[in-house]
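The values are calculated or read from the model by the stated rules, or taken from the named source; none is laboratory data. What you see is a predicted model; the values in this text were computed from it and never measured. Neighbour counts are summed over all protein chains in view; Cβ atoms, including those assigned to glycine, are modelled from backbone coordinates with ideal geometry. Accessible surface areas use protein heavy atoms only, side chains included; no ligands, DNA or RNA. Shrake-Rupley method; radii C 1.70, N 1.55, O 1.52, S 1.80 Å.
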Amino acid sequence: GNISLDYYYTYFDNQVVGDLENVREVKFYNLGGKSYSSSFQAEINYEIAKKLELRLAYRNYEVKTTYGSQLLDKPLVARDRAFANLAYETGAWKFDYTVTLTGTKRIPSTAANPLLYQRPTHSPSFIMMNAQVSRSIGAKKKFEVYIGAENLTNFYQKDVIIAAND
C-alpha cells in the first residue's frame with residue numbers, strides 16, 4: 001500500500017470576483033481585498049487481498065474571497081470531501097464500488113427574501129454511492145462492456161431554484 005499527503009496554498013492578487021452576496025443581483029468586479037485557497041489531501045491505497053484494492057481519501061479546502069469588504073468562504077464550495085473506493089478484478093471481470101461524502105457549503109444569504117423564500121446559510125452534507133461491473137472482451141483489441149448505477153442513495157437537491165413557479 002501507499003500513503004500520499006498533499007498541501008497547496010494559492011494567494012490571488014488579481015482576480016475577477018463573481019459576487020452573489022445580494023440575492024437580487026450578481027456583481028462582477030476586480031478583487032479589492034484578500035483571496036486565497038488552501039487544500040490538504042490525504043490518500044491511502046491498500047491491497048487488502050490479491051486483486052482487491054481499497055482507496056480512501058480526504059480533502060479539506062479553505063477558499064476565501066473578499067466580497068465588498070468582508071473576507072468570506074467562497075459560496076458553493078464544500079470545505080470537506082471524503083472518498084472510499086473498493087475495486088476487485090478477476091480475469092476479464094472488474095467490480096467497483098465508490099462512496100463519496102461532500103460536506104456542507106456556504107450559501108449566500110437569502111435573508112432579504114420573504115420568509116417563505118429564505119434558506120439556511122449552509123447546505124447539508126450528502127453521500128453519493130456508485131457501483132459498476134465491467135467485462136473485457138477480446139484478446140488483441142479489447143472491448144469493454146459495463147453496467148453501473150449512480151446515486152444509489154437517491155440524493156437530490158430540493159428547491160434548486162427558489163420560487164421557480166414565480
For the subset of the range 1-49 comprising residues that are in a loop (DSSP other than H, G, I, E, B) and among the charged types (D, E, K, R), which member is most open to solvent (accessible area, probe 1.4 Å)?
Arg24
Report every pair of residues separated by at least 6 positions or lying on different chains whose Cβ atoms are under 6 Å apart, first residue within the range 31-48 and at pLDDT 95 or above, second part of a loop (DSSP other than H, G, I, E, B) and open to solvent by 30 Å² or more (accessible area, probe 1.4 Å).
Ser35/Phe12; Ser35/Gln15; Asn45/Gly1; Tyr46/Gly1
Looking only at the range 146-166, filter to residues that are part of a strand (DSSP E or B) and open to solvent by 70 Å² or more (accessible area, probe 1.4 Å); which one of those is farthest from Thr104 (Cα to Cα)?
Tyr146
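Restricting to the range 96-136, and then to whatever is part of a strand (DSSP E or B), out of contact with any His (no Cβ under 8 Å at 6 or more places or on another chain) and of a type in the set (D, E, K, R), can you tell me which residue is least open to solvent (accessible area, probe 1.4 Å)?
Once the filter is applied, the top-ranked residue is Asp96.
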Inspect all residues belonging to the range 87-100 and state whether any of them is closer than 26 Å to Ile44 by Cα, over 26 Å from the mean Cα position of the chain (by Cα) and among the acidic types (Asp, Glu).
yes
Considering every residue within the range 63-74, establish whether at least one is outside any strand (DSSP E or B) and surrounded by 11 or more Cβ atoms within 10 Å (Cβ to Cβ).
yes
For Val23, all conditions in the list (1) touching a residue at least 24 places away in the same chain (Cβ under 8 Å); (2) within 20 Å of the chain's Cα centre (by Cα) hold save one; what is the number of the exception?
(2)
Among the listed residues Leu86, Leu101, Leu72, Leu115, which satisfies the condition of being within 20 Å of Ile48 (Cβ to Cβ) and free of Cβ contacts under 8 Å to residues at least 60 places away in the same chain?
Leu86
With respect to Glu89, is the statement that it is assigned to a strand (DSSP E or B) and either touching a His at 6+ places or on another chain (Cβ under 8 Å) or within 28 Å of Val17 (Cα to Cα) (or both) true?
no
Could you pull out the residue among Gln157, Gln132 that is touching a Gly at 6+ places or on another chain (Cβ under 6 Å) and free of Cβ contacts under 8 Å to residues at least 60 places away in the same chain?
Gln132
